[in-house]
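Bear in mind that the values in this text are calculations on the coordinates, not laboratory data. Just so you know, these numbers come straight off a predicted model, no measurement behind them. With ideal geometry, Cβ positions are generated from the backbone for all residues, glycine too; neighbour counts draw on all protein chains shown.
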Amino acid sequence: MTLHRRKLLTVGAGLAGTALLGGCDRFAGTETGRRTLKVGEDANLYVQRLLMSPTTLAREFPAAMISPWFKPNGTIDPPDREFRALAAKKFADFKLTIDGLVQTPLSLSLADLRGLPGRTQVTRHDCVEGWSCIGQWSGVPLAELLNRAGLKPQARYAVFHCADTLEYAGGGLEGGDGASLWRPEHPGHVRDGTIQLAAAEDWGGASTATDAPKDDWGQGAPEPDAPEDKRTPIRYYESIDLFDAFNPQTILAYDLNGKPLPVSNGAPLRLRVERQLGYKQAKYVMRVELVESLAGFGQGGGGYWEDRGYEWYAGI
Amino acid sequence: MAAAPALEAPETVDASGRRWFYRHPVVIRLAHWINAVVLLVLLMSGLQIFNAHPALYWGAVSTFDDPALAITSEQGRDGTNRGVVTIGSHSFDTTGVLGLSREGGTAVDRAFPSWATLPADQDLTTGRRWHFLFAWFLVINGAVYLLYGLFSGQLRRRLIPDGDQIRDFGGSVKEHLLLRFPEGEEAKRYNVIQKLTYFVVVLGLLPAMVLAGLAMSPGVDAAWHWLPDLFGGRQSARTIHFIAAGLLVLFVVVHVVLVLVSGLANNMRGMLTGWFSLGRPEKETAR
């Protein structure tokens, strides 16, 4: 395969630069290569933060520009048993947890959230793949919730724990050997693995396999019949720093285009962090945890896709 | 022949009577070769990124049902897959190259074939990392080139046609079409078509490329609301970024062909060492 690719490259391009590009793929696969390529992300974060203030707002559009169809992608129907139970009752039993490095942990129902001061914004959603949609989002500013909970001084990041399982970490416990199976040797390997697992119809696993609190978003929702499968589910998660967390447009949205958020777009709550790309807009948010460091969550990248090579700072 | 030289450059005559002219200062030469490598990486990683959503649109958002351009694969009547490029309402069969190509002996659905993308495999994350790192190199290298060119006078000498060149525009076009290239005094400066082409590429296409790229960034758009508007919206910026990339490829193809036909050795020596041969004076006087 590699040989063939190299042959294809050599014949196809017939340029001196080709040898260089064949080397590029090998370079990108090494630890040094990954670290070198990450320099661009660091530069983008640094320079974009120079251009922005904490309150700089993304462009808001007139209602007439709202896209007729807001393309759902990623998980569009979480297979998790707990989530399905919540969705079946239209999230009447849903509680958003805000905890971690806060003075007062909060637990709020959708009705509680709708009773708080809200914000509505018509913004453009930019997917990392390249497409865009405009939608109207209504929700509670995250700053509102964080101010009510009161941050402890060490808090630096907000981590969003989501309901949807995307894959399982081998058979090991979180952080064990099993999890490291998924560390990208080649980002391609991981994505193949994801696809195979997603197709394996092996859902229904829940957080019962581990008592690691990091994974336990479901406060007190006991697993009805614990599956024999003891593998650790890997759920979607995301994180932002306080610069974005306190931006007025950073909201936990419960409505899309004036109607309750559909499950395909992230019901009951979806994070909107408008100055970044689509994969930061975590769907099915169950718990917001304030932390000092992103180490210890997943593989430490700060998000499901970040653990698979995507940039933590998705401003570009 | 009375080209008022914008600046003096070293000249020498070797033992065989051949005239040499120091055409490219070291900063220009370095910037040229860095740019060549950087643009190749940006092109190939850019095609990788395009492959993640191989369709283009006009406006702020994606009109998924009605793309301006799409590179897809579809099942033909005989049941086999074929690659299709759709531009507006026109479709073209591009099996083998675009939409459907061979990778390791099997046909795969991908807009641009693996030999054209970086990485070769379908891998958006790594493509993005290459693209955004090398975009910085492009900007820094370009800034060095422009600042040096501005203060040394090289930019004016290279990009702005002299008065006599504009007056003899028709004659220059004719010379160029006949692939007749000047020697001697006239070879010390670019001809009017070269200057105008470099002007458009250096001050038009490349800056437009950078700006259209930045206009796709939600972070930059938040800081500069006017930027996507400059292109007619984020999706238009993406389409223009793609078109500008195509124009740059066209430029490079023509550039390389002309380097070949106008004297590969002399041109390469010029861009590697700086020294460019103006030929022998007797030949010049014979003209």
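In summary, the helical segments of chain B meeting the span-like criteria, namely a full DSSP H run, a Cα extent along the axis of 27 angstrom or more and a mean Kyte-Doolittle hydropathy of at least -1.0, are B:26-52, B:124-152, B:234-261. In chain B, the calculated helix contribution to ellipticity at 222 nm averages -16500 deg cm²/dmol per residue, counting -39,500 (n - 2.57) for every DSSP H run with n ≥ 4. Residues in the range A:309-316 carry Karplus couplings, in order, of x, 6, 6, 5, 8, 9, x, 9 Hz; the curve used is 6.51 cos²θ - 1.76 cosθ + 1.60 with θ = phi - 60°, and Gly or Pro positions show x. The residues packed around residue B:271, meaning those with a beta-carbon under 9 Å from its beta-carbon, carry a net charge of +3 if Lys and Arg are +1 and Asp and Glu are -1. The reciprocal of the average 1/r between distinct C-alpha atoms defines the Kirkwood hydrodynamic radius, which for the range B:60-111 equals 11.5 Å.
Multiplying the residue separation of residue B:272 and residue B:26 by 0.36 nm and removing their Cα-Cα distance gives an extension gain of 87.7 nm. Measuring r between the beta carbons of residue B:169 and residue A:292 and using R0 = 60 Å, the FRET efficiency lands at 0.35.
Shown is the FRET efficiency for residue B:33 and residue A:53, computed with R0 = 51 Å from the Cβ-Cβ distance and rounded to the nearest 0.05: 0.80.
Counts of other chain beta carbons within 10 angstrom of each beta carbon in peptide B:228-239 average 2. Packing, taken as the mean count of other beta carbons within 10 Å per residue, orders the peptides B:114-123, B:31-40 from highest to lowest as B:114-123, B:31-40.
Computed from the C-beta positions of residue B:87 and residue B:181, the FRET efficiency with R₀ = 22 Å rounds to 0.05. Other protein chain C-beta atoms within 10 Å of residue C-beta, averaged over B:163-176: 0.
When the pairs A:90/A:280; A:89/A:280; A:89/A:283; A:259/A:283; A:152/A:283 are compared against a 21 Å limit on Cα-Cα distance, A:90/A:280; A:89/A:280; A:152/A:283 fall above it.
Remark: spin-label model distance residue B:136-residue B:14 equals 4.2 nm, labels positioned 7 Å along the Cα→Cβ axis. The mean number of Cβ atoms from other chains found within 10 Å of a Cβ in peptide A:45-52 is 3, as a whole number.
Using a/c under 1.5 as the rounded threshold, could you call the range A:276-316 rounded, prolate or oblate? The axes a ≥ b ≥ c are square roots of the C-alpha gyration tensor eigenvalues, and prolate needs a/b larger than b/c, oblate otherwise. Since a/c reaches 1.5 but b/c is at least a/b, the shape of the range A:276-316 is classed as oblate. Ranked by the mean number of other Cβ atoms within 10 Å per residue, highest first, peptides B:11-19, B:41-49 order as B:41-49, B:11-19.
Computed from label points 7 Å out along Cα-Cβ, the spacing between residue B:107 and residue B:150 is 5.4 nm.
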